[in-house]
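The structure appears right after this line, and notes come after that.
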Amino acid sequence: MAAIELVPSSIPEQKHLEDGSGAFPFTLAPPAGRSVSAAQLADWTRANQAKLRALAMKHGAVLLRGCTVNGHEDFGLMSGALPCEGYDYVGGAAPRTELVKGLVFTSNESPPDQPIPFHHELAQSPTPPAYILFCCEIESKEGGATPIIHSAEVATFFESRFPEFAKRVEKLGVRYIRVTPEITDPTSAQGRSWKETYNVTTRAEAEAAMRKQGTTWEWLPNGDCKTVTAVLPALRVDQRTGKRVFFNSMIAAFTGWNDARNVGEKAVELGDGSPVDKEIMWAVAKFMEERRVVFTWKKGDILFIDNTLVMHSRDTFIPPRRVLASLRGLPLPEVAEPIAAPVAVSVAALAQGGPRPLRVGIIGTGAMGKEHIRNIALLGEHVAVVAAIADSEENARAEALADMAPDRRQHCQVFEQYTDMLASDEVDAIVVCTPNYQHIEVLREAIPTGKHILCEKPLCSNVEDCLEVERLLETHAHRARTEGVRKGIFMTGMEYRWMPPIQKLIQETDSGNLGQLHTVTIREHRFPFLVKVANWNRFNRYTGGTLVEKACHFFDLMRRIVRSEPVSVYASGGQAMNHKDELYGDAQPDILDHAFVTVTFASGAKAMLDLCMFAEDEQTECVTAVCELGKVEAKAPESTVRVLRRKSIHRLGRVPPPPDRRGVPEVHRLPVPEELAKAGFHEGSTFFELQAFVDAAGGRSPVPVAARDGRIAVMIGAAAQESILTSAVVKLDVPGTDRKNAQWAWKIEGANQLAQTAASVPVASLSPVRSKL
């Protein structure tokens with residue numbers, strides 16, 4: 001079958017997103033005069049699934065128009081070609097008919113005179129689908145559109161117009177209350193029976209399904225079931241794009257869950273049981289109505305929606321009309337966020353003049369620089385290559401070359417001065433692996449070149465330098481907009497985000513299955529700092545302090561798991577054993593070798609770091625997240641994840657629950673492939689981090705860890721160092737996007753010697769790097 005292509009098109013009804021991301025929806029169609037069958041469309045989808053998902057992530061929704069798609073089987077071919085997890089329609093209220101088992105359903109079969117309000121599909125469920133696809137089988141004579149709106153625009157309106165209520169919603173979350181009938185009621189958009197809702201036949205099976213979701217229930221005398229969901233977040237941050245989204249069913253429930261059993265205004269409440277603000281709910285509904293995009297369905301149309309980013313609804317219509325739906329889960333692990341550099345291609349394609357690999361230069365070829373060299377080789381030469389290295393030490397350059405394969409070694413440029421590498425046209429991207437205190441001087445030279453940059457942690461050794469990096473990036477972005485100069489992406493290296501057990505933990509906490517997150521504990525027990533060139537890592541003035549140099553990635557991990565900003569830090573620590581017998585000239589090392597750090601976040605969540613650098617002969621980490629309904633624990637180097645879902649969290653007595661009421665832990669073993677384990681010291685995470693960097697450099701996904709993330713991690717570490725010096729709580733005020741005026745607002749509680757300090761002090765006046773503890 002001949003390969004086909006789909007090209008960008010447009011529809012009259014499309015709008016442009018307010019953030020400048022482009023058309024909404026983005027439209028693809030066959031070239032003029034070309035026909036595309038369902039089988040060809042399925043082949044195109046299979047070959048371009050990463051492109052399709054990337055377009056949906058950028059634009060929110062993609063409309064495929066002009067292909068020959070006749071009925072549910074054709075639609076199933078296309079949807080099934082997406083390598084995503086399957087998704088069972090469990091917990092939804094809409095009456096539907098399954099047409100292709102587990103894949104294609106009718107859309108909501110409620111009466112045509114009943115509109116369906118805006119919602120994210122199954123936002124009232126702990127595990128909503130990642131994507132929803134619609135296909136028009138029969139066009140309506142009148143009405144019947146599926147309006148869409150970008151959830152980020154709704155979140156912006158909600159938070160800017162109603163900031164106080166928005167803060168309450170974000171802090172408390174929401175719960176949904178619904179009565180489901182014993183027998184499906186086709187006269188209601190909420191009429192799906194509890195048997196069909198949970199795909200069960202008995203009450204016991206329904207209770208098991210509801211218990212798994214954290215839903216409580218009450219059986220009514222007439223056989224109906226009243227359900228109350230677990231507390232769910234209503235404002236979220238899409239971790240791929242950094243966009244805040246109004247991810248909930250608040251408006252849908254409030255305005256639309258009305259039938260013989262339910263009253264919409266009582267169908268949603270805040271997490272503490274208090275009612276929502278009626279006037280605000282109607283104001284948000286009005287905004288959605290004004291901003292929505294409404295296009296007329298054409299037979300064969302397929303609308304591909306990123307369910308995290310876009311809400312949809314349904315207008316009333318005059319029959320006949322038939323629109324099909326397909327719910328898909330997350331991309332399968334082997335294709336999740338695929339490598340793109342700018343496009344991952346085969347060696348054969350390269351030989352035919354295809355896209356070239358990303359050409360990477362390594363600045364600083366010590367231990368971390370060599371780890372990047374080995375992992376870039378594992379990506380494959382069709383994806384990325386080490387095109388150049390730069391280091392002022394001859395031995396370091398020689399060791400780096402020795403880590404390369406012979407054919408790569410002879411094609412790799414070697415520089416003593418990194419500025420010469422930056423001037424090379426043979427380098428597309430750089431990885432900065434120099435000592436911490438040198439990052440700022442390298443970045444001052446590198447950012448104006450427009451090359452892609454991955455800067456190892458910490459971003460800089462102090463907050464002031466981190467802010468300078470952000471200003472440099474903004475200045476260059478302005479030049480790119482106004483002068484057309486090249487602009488690369490900038491990413492802060494935080495390897496621990498990509499450790500396989502940590503990734504699994506993040507998936508569990510992000511899913512909402514365990515309810516609201518309350519505490520995070522990170523423990524690292526390990527050996528002392530290794531020897532570095534000129535012993536720079538023995539002194540606070542070069543590292544920023546142990547809690548900046550070593551622990552910044554733990555503080556980044558806390559933020560990523562909690563998904564909130566830090567408001568205060570308290571720490572205790574010291575130098576008990578390590579490096580006390582060392583002397584360099586007249587200087588004795590002054591770095592911490594142990595510390596306990598507690599961080600309080602704006603969401604109310606608490607996090608703690610237990611760091612000891614003389615406890616073990618190997619590096620061991622344990623990360624534990626405790627949520628409303630259970631906990632997740634990830635360990636390295638064991639690479640295991642333990643998930644415990646509690647069976648009961650309310651009305652516990654004076655004794656623990658009996659054995660039959662206790663949660664049974666699930667243990668997941670995630671072995672690191674041997675070749676990744678041999679390539680570095682971070683359990684394979686450097687490889688996955690490089691995948692994400694190459695993908696972002698190719699424009700196929702957003703930057704996962706920005707300069708701002710690096711700066712806030714340094715801020716927490718520096719605050720912890722300051723707290724140890726003063727025996728006091730350090731309060732933080734993390735700025736938003738106004739980086740020009742960004743300050744570290746801090747206040748010491750209980751420290752008489754600093755009582756005169758103003759409540760807000762510019763970063764320049766704060767010196768967390770001290771020569772002595």
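Here the dipole of the chain is about 1500 debye; that uses its Cα centre as origin and unit charges on the Cβ of Lys and Arg (positive) and Asp and Glu (negative). Annotation: peptides 605-613, 221-229, ranked by per-residue average of other Cβ atoms within 10 Å with the highest first, follow the order 605-613, 221-229. For the range 668-737 versus the range 188-230, the inter-centroid distance based on Cα atoms is 41 Å.
Let me spell out the model: positive unit charges on the Cβ of Lys and Arg, negative unit charges on the Cβ of Asp and Glu, origin at the Cα centre of the range 455-526. What dipole size does that give, in debye rounded to 20? Let's see the in-between values first.
On the way: 10 positive and 11 negative charges, 45 e Å.
In total the dipole reaches around 220 debye.
Derived scalar couplings between HN and Hα for the range 211-225 equal 4, 4, 8, x, 8, 9, 8, 9, 7, 8, x, 8, x, 6, 10 Hz in order, rounded to whole Hz, by the Karplus curve 6.51 cos²θ - 1.76 cosθ + 1.60 (θ = phi - 60°), x for Gly and Pro. Derived scalar couplings between HN and Hα for the range 277-288 equal 7, 4, 4, 5, 4, 5, 5, 5, 4, 5, 4, 4 Hz in order, rounded to whole Hz, by the Karplus curve 6.51 cos²θ - 1.76 cosθ + 1.60 (θ = phi - 60°), x for Gly and Pro.
If R0 is taken as 60 Å, the Cβ-Cβ distance between Q619 and K141 corresponds to a FRET efficiency of 0.35. For the range 117-236, the residue among L235, L172, A189 whose Cα projects farthest onto the positive side of the dipole built from Cβ charges is L172. Couplings for the range 229-243, taken from phi via the Karplus curve 6.51 cos²θ - 1.76 cosθ + 1.60 with θ = phi - 60°, read 6, 5, 5, 10, x, 10, 10, 10, 10, 6, 5, 6, 10, x, 7 Hz in order; Gly and Pro are left as x. Ordering of 374-384, 446-456, 273-283 by packing is 446-456, 374-384, 273-283, highest average first (other Cβ atoms within 10 Å, averaged per residue). When DSSP assigns beta bridges and you keep just the ones with both residues in the chain, what percent turn out antiparallel, to the nearest 5? In the chain, approximately 75 percent of DSSP beta bridges are antiparallel ones.
Directionally averaged projected area (the range 570-610, Cα convex hull): 3.6 nm². When a/c reaches 1.5 or more, the comparison of a/b and b/c decides; with that in mind, is the range 662-707 rounded, prolate or oblate per its Cα gyration tensor? Judged from the Cα gyration tensor, the range 662-707 comes out oblate (a/c at least 1.5, b/c at or above a/b).
Given the Cα-Cα distance of E98 and D420 and 0.36 nm per residue of separation, how much length would full extension add, in nm?
In short, 109.6 nm is gained.
Quick one: of K167/K647; K167/K243; K195/K504; K212/K631, which pairs are farther than 24 Å apart, Cα to Cα?
In this structure, K167/K647; K195/K504 lie more than 24 Å apart at Cα.
Over the range 1-150, what is the percentage of antiparallel beta bridges among all DSSP beta bridges, to the nearest 5? Around 70 percent antiparallel, to the nearest 5. For the range 60-169, which whole-number percentage of the solvent-accessible area (1.4 Å probe, protein heavy atoms only) is attributable to carbon and sulfur atoms? Summing carbon and sulfur atoms, their accessible area is 51 percent of the total for the range 60-169. Hydrodynamic radius of the range 128-207 by the Kirkwood approach over all distinct alpha-carbon pairs: 17.0 Å.
Estimated from helices alone, the mean residue ellipticity of the chain at 222 nm is -8500 deg cm²/dmol (sum of -39500 (n - 2.57) over DSSP H runs with n ≥ 4, per residue). Compute the accessible area per residue over the chain, keeping the other protein chains in place, probe 1.4 Å, unit Å². Accessible surface, normalised per residue, equals 42 Å². Calculation over all alpha carbon pairs of the chain in 10 angstrom steps from 0 returns a P(r) of 2, 13, 22, 25, 20, 12, 5, 1, 0 percent.
Answer rounded, prolate or oblate for the range 557-638, using the Cα gyration tensor with square roots of eigenvalues a ≥ b ≥ c: rounded when a/c is under 1.5, else prolate when a/b is larger than b/c, else oblate.
Since a/c reaches 1.5 but b/c is at least a/b, the shape of the range 557-638 is classed as oblate.
Placing +1 on each Lys and Arg Cβ and -1 on each Asp and Glu Cβ, with no other charges, gives the range 184-300 a dipole about its Cα centre of roughly 620 debye.
The values are calculated or read from the model by the stated rules, or taken from the named source; none is laboratory data. Bear in mind that the values here come from a model prediction, so they are computed numbers and not experimental data. So basically every Cβ, Gly included, is an ideal-geometry build from the backbone, and we count neighbours across all protein chains shown. Just the protein is used for accessible areas: all its heavy atoms, side chains included, with ligands, DNA and RNA removed. Shrake-Rupley method; radii C 1.70, N 1.55, O 1.52, S 1.80 Å.
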